[in-house]
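Participant: Handing you a structure now.
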Amino acid sequence: MAKIQIVWTKTAVAQRRQILEYWIEHNQSIAYSEKLIELFRERTHQLIEQPKLGMKADFPETRVISQGHFSIFYKVTKDRIIITSLWDNRQDPTKLLKLMKNAT
């Protein structure tokens with residue numbers, strides 16, 4: 001059986017970068033951003049063992065799993081978990097809706 005890979009889309013990578021940069025600037029330290037990196041890594045790797053762990057999202061073939069104040073949107077294929085979006089739930093949800101509609 002082929003090993004399942006975690007793949008981040010360009011959109012999700014850009015969102016992750018924005019989140020991490022925000023917290024570095026806000027806290028004047030990289031400590032919290034490093035903690036977030038580890039939490040996101042642990043959470044996404046849980047999906048390798050349990051791809052359907054997250055709930056079905058309102059977008060085609062998309063599931064969502066939470067990590068604290070963040071939502072990780074992903075799609076499951078035979079050999080990949082594709083992270084499509086990393087969303088800070090404290091943001092305006094209409095921005096997410098636009099983003100996800102353009103991504104599908």
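The values are calculated or read from the model by the stated rules, or taken from the named source; none is laboratory data. The model shown is predicted, which means the values in this text are computed figures rather than measured ones. Please note: Cβ atoms are built from the backbone with ideal geometry, for glycine as well, and neighbour counts cover all protein chains shown.
Participant: As an exercise: evaluate residue 61 against (1) in contact (Cβ under 8 Å) with a residue 24 or more places away in the chain; (2) assigned to a loop (DSSP other than H, G, I, E, B) and give the number of the one condition it does not meet.
Facilitator: With (1) in contact (Cβ under 8 Å) with a residue 24 or more places away in the chain; (2) assigned to a loop (DSSP other than H, G, I, E, B) applied to residue 61, the lone miss is (1).
Participant: Within segment 57-79, identify whether any single residue is farther than 25 Å from residue 94 by Cβ, acidic (Asp, Glu) and surrounded by 11 or more Cβ atoms within 10 Å (Cβ to Cβ), and answer yes or no. Before you say what the answer is, go through the steps one by one.
Facilitator: Taking segment 57-79 and keeping what is farther than 25 Å from residue 94 by Cβ, we get 76-79.
Retained after the next criterion (residues that are acidic (Asp, Glu)): 79.
Right, trim to surrounded by 11 or more Cβ atoms within 10 Å (Cβ to Cβ) and you get 79.
Looking for residues that are farther than 25 Å from residue 94 by Cβ, acidic (Asp, Glu) and surrounded by 11 or more Cβ atoms within 10 Å (Cβ to Cβ), one finds at least one in segment 57-79, hence yes.
Participant: Return yes or no: is residue 47 touching a residue at least 60 places away in the same chain (Cβ under 8 Å) and surrounded by 11 or more Cβ atoms within 10 Å (Cβ to Cβ)? Steps first, answer last, please.
Facilitator: Details: touching a residue at least 60 places away in the same chain (Cβ under 8 Å): no; surrounded by 11 or more Cβ atoms within 10 Å (Cβ to Cβ): yes.
It is false that residue 47 is touching a residue at least 60 places away in the same chain (Cβ under 8 Å) and surrounded by 11 or more Cβ atoms within 10 Å (Cβ to Cβ).
Participant: Out of 16, 41, report the one residue that is without any contact (Cβ under 8 Å) to a residue 24 or more places away in the chain and under 11 Å from the mean Cα position of the chain (by Cα).
Facilitator: Working: 16 fails: without any contact (Cβ under 8 Å) to a residue 24 or more places away in the chain.
Exactly one of 16, 41 is without any contact (Cβ under 8 Å) to a residue 24 or more places away in the chain and under 11 Å from the mean Cα position of the chain (by Cα), namely 41.
Participant: To continue, here is another question. Take the residues in segment 18-44 that are farther than 23 Å from residue 5 by Cα and among the aromatic types (Phe, Trp, Tyr), then tell me which one is surrounded by the most Cβ atoms within 10 Å (Cβ to Cβ).
Facilitator: 23
Participant: Then there is this: Looking at (1) touching a His at 6+ places or on another chain (Cβ under 7 Å); (2) at pLDDT 95 or above, find the lone condition where residue 88 falls short.
Facilitator: (2)
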